[in-house]
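Got a structure for you, written out below as structure tokens; questions coming shortly.
Only the coordinates and a few stated rules stand behind these numbers; no lab work does. This one's a predicted model, so the numbers in the text were calculated from it and none came from an experiment. Cβ atoms come from the backbone with ideal geometry, glycine included; neighbour counts cover every protein chain shown.
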Amino acid sequence: MAATYAERIHAARPGLSKSFQRLADYILDSYVQTALMTASELAHAVDVDSATVVRFAQALDYSGFPELQAEIKARVIQDLMLRPKESARADSLPGLTDTVFKELGDAMERRRRMLDPVPLEALLAALKGASRVLILADAQGRFIVPELRRVLSSVGILCQALPGDEDGLARSLATAGEQDFLLVIDLKDQAAHLPAALAQAKAAGLLSAALVGSASHTAAQRAGIVIEVQSQEQSDNAPVVLSALVYTLGRALRWRYAEDHKQVQSKTERTLKRLAAARAEKAK
């Protein structure tokens, strides 16, 4: 069986020029748009000339862009027409994936409709007003901590992930300052140290918030600000909805504190340039 355009791109990419790599990435990420573009439109989108698009197609062993585009169009037709028919069969893999994505979509829609903006507003203010945000998550929610740290740092909020072991957690809480803020993620209500940490934070005068799998969780009773990941339901969709909530929080932070976000971006770009210059100087 002949290699698909995507397989050809992946195989050839390490040896491609920078302009060819930009084309490769655009086609892989935006193949639907590519199927509808002329060569000149694609060239404009990637900031190369039309001749580069032709040479790129030929580098992948196509006669030219029309042949490459014809294969891309065939994939789009398959995605839009063939796969929906396959997903109608409940006993097929396309049918299963279709059901799962619909369930996730329904869970997202329910959370969207029932999300209370009041605790979210309070969380935005508390996070930005803290000297440092201390993040503590249960085993099920730990996967989102790196992304949560990224969205907080994007507006200049200092944050630290707390250790899950009792000794490490005790040391971290014992050295926390009054202006620190404790953010707990508790999806399952099975880790006793999470509500205990919230109680300790309250005793030490620290503000706190909890993203909880359910309003009945013990952590929800101990935190100053509570946001439910799921509302009126219990399912295994919680990690996906949690990801959506963290994404929403990031967007809200960058919107509310747009100037801080711009400053962080500017400082990051300047630092990257200095690091690149240092590497170039060292390589001489």
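Would you confirm whether or not the stretch 230-238 contains a residue that is part of a helix (DSSP H, G or I), among the aliphatic types (A, V, I, L, M) and touching a residue at least 60 places away in the same chain (Cβ under 8 Å)?
The first filter runs over the stretch 230-238 and keeps only residues part of a helix (DSSP H, G or I), leaving 238.
Applying the additional criterion that residues be among the aliphatic types (A, V, I, L, M) yields 238.
Next, from what is left, pick out any that are touching a residue at least 60 places away in the same chain (Cβ under 8 Å): 238.
Yes, some residue in the stretch 230-238 is part of a helix (DSSP H, G or I), among the aliphatic types (A, V, I, L, M) and touching a residue at least 60 places away in the same chain (Cβ under 8 Å).
Out of everything in the stretch 112-171 that is acidic (D, E), in a helix (DSSP H, G or I) and in contact (Cβ under 8 Å) with a residue 24 or more places away in the chain, what residue ends up being nearest to I227 (Cα to Cα)?
Looking only at the stretch 112-171, we keep the residues that are acidic (D, E), and these are 116, 121, 138, 147, 165-167.
From what is left, the residues that are in a helix (DSSP H, G or I) are 121, 147, 166-167.
Cutting the leftovers down to in contact (Cβ under 8 Å) with a residue 24 or more places away in the chain gives us 147, 166.
Numbers: E147: 18, E166: 25 Å.
So, considering only residues that are acidic (D, E), in a helix (DSSP H, G or I) and in contact (Cβ under 8 Å) with a residue 24 or more places away in the chain, the one nearest to I227 (Cα to Cα) is E147.
Determine which member of the set D180, D165, D186 is closer than 18 Å to L120 by Cα and of a type in the set (D, E). Give the steps one after another, and end with the answer.
Numbers: D180 fails: closer than 18 Å to L120 by Cα; D165 fails: closer than 18 Å to L120 by Cα.
Answer to the selection: D186.
Cβ-Cβ below 8 Å, separation at least six or inter-chain, first residue in the stretch 15-43 and more than 20 Å from D79 (Cβ to Cβ), second in a helix (DSSP H, G or I) and of a type in the set (S, T, N, Q): which pairs?
S19/T52; F20/T52; L23/T52; A39/S50; S40/S50; A43/S50; A43/T52
While we're on this one: With the checklist (1) closer than 24 Å to D236 by Cβ; (2) exposed (fewer than 14 other Cβ atoms within 10 Å of the Cβ); (3) touching a residue at least 12 places away in the same chain (Cβ under 8 Å) in hand, flag the one item T97 doesn't pass.
(3)
Sticking with this structure for a sec: Can you find, within the stretch 177-231, the residue that is surrounded by the fewest Cβ atoms within 10 Å (Cβ to Cβ) among those that are of a type in the set (S, T, Y) and touching a helix residue (DSSP H, G or I) at 6+ places or on another chain (Cβ under 9 Å)? Talk me through it step by step, then tell me what you get.
Step one: list which residues in the stretch 177-231 are of a type in the set (S, T, Y), which gives 208, 214, 216, 218, 231.
Filter once more, keeping what is touching a helix residue (DSSP H, G or I) at 6+ places or on another chain (Cβ under 9 Å): 208, 214, 218, 231.
Details: S208: 24, S214: 19, T218: 18, S231: 15.
Step by step, filter the stretch 177-231, then rank; the result is S231.
Which helices (runs of 4 or more DSSP H) does the stretch 16-55 wholly contain that include 3 or more residues that are surrounded by 17 or more Cβ atoms within 10 Å (Cβ to Cβ) and of a type outside the set (S, T, Y)? So that I can check it myself, show each step before the final result.
Details: elements: 18-29, 31-35, 39-46.
Those helices (runs of 4 or more DSSP H) span 18-29, 39-46.
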